[in-house]
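Q: Provided herewith is a single structure, encoded as structure tokens, for subsequent inquiry.
The values are calculated or read from the model by the stated rules, or taken from the named source; none is laboratory data. Computed from a predicted model, the values in this text were never measured in an experiment. Positions of Cβ are backbone-derived with ideal geometry, glycine not excepted, and every protein chain shown enters the neighbour counts. Heads up: the accessible areas ignore ligands, DNA and RNA and are worked out on the full protein's heavy atoms, side chains in. Shrake-Rupley method; radii C 1.70, N 1.55, O 1.52, S 1.80 Å.
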Amino acid sequence: MKLRLLLYVISFSGLLTSCNSNNSTSDASGTFEVDEVIVSSEVPGKILSLNLDEGSLLAKDSIVGIIDSVPLELQKAQVEATIGALHQKTMDVRPQIKLLQDQITVQKTQLDNAIYEKDRTQRLIKADAATTKQLDDWNTQIDMLQKQIAVNQQQIKVQETSTGTQNSTVLSEYKPLQRSVAQINDQLKRTNITNPINGTVLTKYAMAGEVTTAGKALYKIGDLSVITLRAYITGTQLAQVKLNQQVKVLVDSNATTYREYTGVITWISDKAEFTPKTIQTKDERANLVYAIKIHVKNDGYLKIGMYGEVKF
């Protein structure tokens, strides 16, 4: 009878030890979270389509929706029409220059003829067959023709300079307008709603048919394949942890058992903070704790906000 009682006491003591071990199985605890990306509209307009639902798996760089691009296309057409009209505002100086050049050609011919007649008159004067007045008349005509040629040549330069300046002023608008076209083309690309990461849609904020503005949130996405456990440790536990250290993560499977995962410590806070009310550490008397982040590969059971425990 005494032997049986002794065995019962030993068995009960072992059960208590086992229960205490389960209650204190973790060195730290916290909740699971995930890096979330809020995808916003980059251009204003009507949402023509948004092909996603909460829980949808989306691939990186996939187009999940379209914003109405008609206003931007009309704006682009207007700018391109303005560019086309610039050439109509420029002046073609070639006809005027051609007219002046033709006049100079005629005047040079007349000058050559006047010089010939002047030389002939000089010879006649020597033979007493002409008067000095006739020679003076030819000199006067030669001087007048030379001045007319000089004036016409100067007018050609003036026409080229003034027309070039005017055309440069008009054509100076070309590059800014081209940049406007490039900017509109960039905005047209942004009418396609492109998903930035591989992940699961967590929240959907907009629907097709709604009018959105630039910067307005459309949906929130997060990569749930690797989930992060944010836990808290005391100052005395800092010596037990380091970056890239593998740890054991425990999650409640049912009332009495745990689901076990392998995690890797990816971040350790360098600043202490007061213990969150919802977090219990190994040393419950500690007022200051340090946050750590542990990456855990998700098998589909881990959810955002789920409670987890860590054993170093």
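Q: Applying the selection to region 139-159, what residues are open to solvent by 60 Å² or more (accessible area, probe 1.4 Å) and among the hydrophobic types (A, V, I, L, M, F, W, C)?
A: M144, V151, V158
Q: Consider region 169-224. How many of its residues are farther than 19 Å from E80 by Cα and either touching a residue at least 60 places away in the same chain (Cβ under 8 Å) or assigned to a helix (DSSP H, G or I) (or both)? I'd like the intermediate steps shown before the answer.
A: If we filter region 169-224 for residues that are farther than 19 Å from E80 by Cα, which is where we start, we get 190-224.
Right, trim to either touching a residue at least 60 places away in the same chain (Cβ under 8 Å) or assigned to a helix (DSSP H, G or I) (or both) and you get 190-204, 206-224.
Counting residues in region 169-224 that are farther than 19 Å from E80 by Cα and either touching a residue at least 60 places away in the same chain (Cβ under 8 Å) or assigned to a helix (DSSP H, G or I) (or both) gives 34.
Q: Out of the residues in region 53-93 that are in a helix (DSSP H, G or I) and polar (S, T, N, Q), state the one that is most open to solvent (accessible area, probe 1.4 Å).
A: So the residue we want is Q88.
Q: Considering region 104-132 alone, what residues qualify as being surrounded by 12 or more Cβ atoms within 10 Å (Cβ to Cβ) and either in contact with a Pro (Cβ under 9 Å, 6 or more places away or on another chain) or not in a helix (DSSP H, G or I) (or both)?
A: A130, T131
Q: Which of the residues spanning region 230-261 are under 38 Å from the mean Cα position of the chain (by Cα) and aromatic (F, W, Y)?
A: Y232
Q: Could I ask something else about it? Can you spot a residue in region 197-210 that is crowded, with 17+ Cβ neighbours inside 10 Å and within 19 Å of the chain's Cα centre (by Cα)?
A: No - not one qualifying residue is present in region 197-210.
Q: Checking the structure you have, find out if any residue of region 260-273 is open to solvent by 80 Å² or more (accessible area, probe 1.4 Å), free of Cβ contacts under 8 Å to residues at least 24 places away in the same chain, basic (K, R) and over 12 Å from S29 (Cβ atoms). Give the derivation first.
A: Looking only at region 260-273, we keep the residues that are open to solvent by 80 Å² or more (accessible area, probe 1.4 Å), and these are 260, 262, 267, 270-271.
With the extra rule that they be free of Cβ contacts under 8 Å to residues at least 24 places away in the same chain, the set shrinks to 260, 270-271.
Of the ones still in play, those that are also basic (K, R) are 271.
From the residues that got through so far, the ones that are over 12 Å from S29 (Cβ atoms) too are 271.
Scanning region 260-273 turns up at least one residue that is open to solvent by 80 Å² or more (accessible area, probe 1.4 Å), free of Cβ contacts under 8 Å to residues at least 24 places away in the same chain, basic (K, R) and over 12 Å from S29 (Cβ atoms).
Q: Exactly one of (1) more than 23 Å from the chain's Cα centre (by Cα); (2) part of a strand (DSSP E or B); (3) over 22 Å from S29 (Cβ atoms) is unmet by I227. Its number?
A: (3)
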